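The values are calculated or read from the model by the stated rules, or taken from the named source; none is laboratory data. A quick note: this is a predicted structure, and the numbers were derived from the prediction, not measured. Every residue, glycine as well, gets a Cβ built from its backbone with ideal geometry; the counts of neighbours run over all protein chains shown. Just so you know, the surface numbers come from the protein's heavy atoms only, side chains and all, with ligands and any DNA or RNA stripped out. Shrake-Rupley method; radii C 1.70, N 1.55, O 1.52, S 1.80 Å.
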Amino acid sequence: TDKEGHNFSMFWVLVSVILGAIAMLCKEQGITVLGLNAVFDALVINKINVLELIQKLLRKDKPLENAGLLRKGLFFRITLLMSGGASILYIRWRIMGTGPPAFTEVDNPASFADSLFVRAINYNYYYSLNAWLLLCPWWLCFDWSMGCIPLIKSVSDCRIIALAALWFCLIGLICQALCSEDSHKRRILTLGLGFLIIPFLPASNLFFRVGFVIAERVIYLPSIGYCILFTYGFSLLSKQAKKKKILAVAVLGILLINVMRCALRSSQWRSEEQLFRSALSVCPLNAKVHYNVGKNLADKGNQSAAIKYYREAVRLNPKYVHAMNNLGNILKERNELREAEELLSLAVQIQPDFAAAWMNLGIVQNSLRRFEEAEQSYWTAIKHRKKYPDCYYNLGRLYADLNRHIDALNAWRNATVLKPEHSLAWNNMIILLDNTGNLAQAEAVGREALELIPNDHSLMFSLANVLGKSQKYKESEALFLKAIKANPNAASYHGNLAVLYHRWGNLDLAKKHYEVSLKLDPMAPGTKENYNLLRRKLEQLQKKGG
C-alpha cells in the first residue's frame, strides 16, 4: 500500500541520516552523502526533469504538484534529509565550540589573499587541479601546502588556461544536462554532475576557509560522479564509433594504467621514506616535504643528510619553526652550538609560545655555560607548557651542575609526578642522593621507581649500587644479576658487580666479572686498577696458602 511504502521509505531515510552522521564523525565530508541521496531520489527514482522544474518554479505555476515534487513523498523525504543534515551540522558546530578551526597562511595561502580577484582565480585553479587529478592521478602528494602551488596573481599567468578548460567542460556538461532532448541523457549527466560537485562543496572554500590547498582525500566521493560521466561518455562513443575494438582497447589501457598507478601509490604509502621522497618531485617548493624527508632521515640516524633537507625547508619557508627546532637539535648534538643557538633563538622569536624550542635553547645555553639564560629558557618553556616533564628533567640537570641539589631533586620529582615512567629523572635522583651520602633516601627513591618501572635495568643498576654501599650485599647482587640479564653487554654493570663481590669477599666471582667488564670495555675507568688490586690480593693469598 501507499502507506506501507511511505513508512518503508521514511525508515530508510532515517537510516541514511544516521549513517551520514556516523560518516561525518569519521570525516566531515561524509555529511554530503545526504545531498547525494536527495539527488539520486529525485533523478533516478522519481525521474524529475530539472530544467522543467526550474521553469515551473520561475513561473510559479503550482510548482510542487506540476513538477512532481510531491510524487511518492519525494518532497517529504528531501525535507527530512535536509532537516537531518542541518541538525547534524548544528551538533557538530556546538561540539567544535561554535567556531571554525584556526588555519595559517601556509595551510591555504589563497584564502589569506587581500584581493577578491586573487582569491577567486586561485580557488578556481585549485578546482582545475582537483579535476586533473581525477582524470590523470599522476601528481600525487601527501601534502600540498607551504608554497607547493604558487599563487596566480595576474591574468598573464599561463595557468589561467586550466581554469578556462575546466569551465568550458563544466558549462558544456551542464548545458547538455539541462537542455538535451534525450531525457535519459539529461538524468545521467545531472546525476553524474551532482555526484561530482556536491561532495566537493565542503572543500571548495565557498562556505568557509579550509586548512589545505589540495587534499586528495576530498576527491574520493566526487570520483563517483566522475566514473558515472566517464562510463556514460564511453557508452556514447561506442555507439558512434566504427572500430569499437580500438575504443575498448583504449579504455582497457586507461584502466590498466590506473590500476598500476594505484599499486605504485599503495606501495609508496607502505613506508614513510617512500611516501615523503615521492613528494619531492611533485612539490619541490613545499617546505613540509623537505622537513618530513629530513625528519625521517634523522630518525634513522642519518644526521648529515637530514641537515641538508632541514636547511632547504628553512630556506623555502624562513618562518618554519619546527624545521629550525629540529635542525638546531641536530647541530646541538654535533656540538655546533653557536648556530644551534641562533636557529632556536629565531624560532622562539617567531613563535614565542613554542615550548620545545625554548627547552632546546636552554639545553644549548647550558652547554655554553650560560646558566642564568638557560634557567630562564627552561622556565619560559614550562610557562607555555605546564605539564612538561622533559623540561623539568633538564632543569634538574642544570641545578645539579650548579650544585643546587635541593632544586635539582625538586625538578626531577616534578618530572616523575608528571610522567611516572620518566626513567632518567628517577635515575638522576638516585645517583644524586647516593653521591651526597643520603643512602637511605636514595634506597627509598630507587624502590619507589622500580615499583613503577619494574623492568628498567638502569634503575636496577643504580639501586644495586646504593644497596651495595649500605652493605645489603645479597639484595644488591640479585639486582645486579637481574640488570645484567636484561642488558648483558653493559661493561659498567659487570664492573660494579665485581666491586660488590670484591667488598663482599667473593674474590673469584669478582675476578670473573672484572674480566668480563674489561673484555666489553678495555678502557672502563677504574676497572683495570681494581682488577690489578684484586690480582695482587689473590697472589698474596696463594703465597700464604702455599
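Below is a table of values for the structure above.
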| item | result |
| --- | --- |
| Test result for ALA323, surrounded by 13 or more Cβ atoms within 10 Å (Cβ to Cβ) and in contact with a Phe, Trp or Tyr (Cβ under 7 Å, 6 or more places away or on another chain) | yes |
| Extreme residue, farthest from the chain's Cα centre (by Cα), among residues of the range 38-81 that are part of a helix (DSSP H, G or I), among the charged types (D, E, K, R) and at pLDDT 70 or above | GLU52 |
| Odd one out for GLU342 among (1) closer than 30 Å to GLY437 by Cβ; (2) open to solvent by 30 Å² or more (accessible area, probe 1.4 Å) | (1) |
| Residue among CYS169, CYS262, CYS158, CYS227 that alone is open to solvent by 40 Å² or more (accessible area, probe 1.4 Å), of a type outside the set (D, E, K, R) and within 30 Å of LEU297 (Cβ to Cβ) | CYS262 |
| Test: residue in the range 199-215 that is open to solvent by less than 30 Å² (accessible area, probe 1.4 Å), assigned to a helix (DSSP H, G or I) and under 18 Å from GLN29 (Cβ atoms) | yes |
| Selected residue (criterion: farthest from LYS512 (Cα to Cα)) from residues of the range 485-501 that are open to solvent by 20 Å² or more (accessible area, probe 1.4 Å) and part of a helix (DSSP H, G or I) | ALA486 |
| Failed item, numbered, when SER470 is tested on (1) open to solvent by 30 Å² or more (accessible area, probe 1.4 Å); (2) within 41 Å of the chain's Cα centre (by Cα); (3) over 23 Å from ALA524 (Cβ atoms) | (2) |
| Cβ pairs under 6 Å, 6+ apart, first in the range 315-330 and within 13 Å of GLN349 (Cα to Cα), second open to solvent by less than 10 Å² (accessible area, probe 1.4 Å) and among the aliphatic types (A, V, I, L, M) | TYR320/ALA287; TYR320/ALA313; VAL321/ALA347; MET324/ALA347; ASN325/ALA347; ASN325/ALA357 |
| Tally of residues being in a helix (DSSP H, G or I), over 23 Å from LEU51 (Cβ atoms) and not hydrophobic (A, V, I, L, M, F, W, C) across the range 144-198 | 0 |
| Residues of the range 512-546 that turn out to be at pLDDT 90 or above and charged (D, E, K, R), as a count | 4 |
| Some residue of the range 9-31 being at pLDDT below 75, out of contact with any Asp or Glu (no Cβ under 6 Å at 6 or more places or on another chain) and more than 22 Å from HIS184 (Cα to Cα) | yes |
| All positions within the range 401-413 that are in a helix (DSSP H, G or I), surrounded by fewer than 21 Cβ atoms within 10 Å (Cβ to Cβ) and at pLDDT 95 or above | HIS405, ILE406, ASP407, ASN410, ARG413 |
| Residue satisfying all of: in the range 425-467; polar (S, T, N, Q) and assigned to a helix (DSSP H, G or I); surrounded by the fewest Cβ atoms within 10 Å (Cβ to Cβ) among these | ASN435 |
| Hey, LYS419 closer than 30 Å to LYS387 by Cβ, of a type in the set (Lys, Arg) and either in contact (Cβ under 8 Å) with a residue 12 or more places away in the chain or open to solvent by less than 20 Å² (accessible area, probe 1.4 Å) (or both) or not | yes |
| Test for ILE149: is it over 20 Å from LEU201 (Cα atoms) and either surrounded by 14 or more Cβ atoms within 10 Å (Cβ to Cβ) or not hydrophobic (A, V, I, L, M, F, W, C) (or both) | yes |
| Filter pass, SER304 being among the hydroxyl-bearing types (Ser, Thr, Tyr), loosely packed, with under 15 Cβ neighbours inside 10 Å and in the same structural domain as MET359 (by the TED database) | yes |
| Residues satisfying the stated conditions in the range 102-118, i.e. without any contact (Cβ under 8 Å) to a residue 60 or more places away in the chain and open to solvent by 30 Å² or more (accessible area, probe 1.4 Å) | ALA102, THR104, GLU105, PHE112, ASP114, SER115, LEU116, PHE117 |
| Residues (touching a helix residue (DSSP H, G or I) at 6+ places or on another chain (Cβ under 9 Å) and either open to solvent by 70 Å² or more (accessible area, probe 1.4 Å) or not in a helix (DSSP H, G or I) (or both)) located in the range 347-360 | GLN351, PRO352, ASP353, PHE354 |
| Some residue of the range 388-395 being assigned by the TED database to the domain that holds GLU421, outside any helix (DSSP H, G or I) and either open to solvent by 70 Å² or more (accessible area, probe 1.4 Å) or under 21 Å from GLY147 (Cβ atoms) (or both) | no |
| Candidates ALA113, ALA131, filtered to the one that is of a type outside the set (S, T, N, Q) and within 29 Å of GLY194 (Cβ to Cβ) | ALA131 |
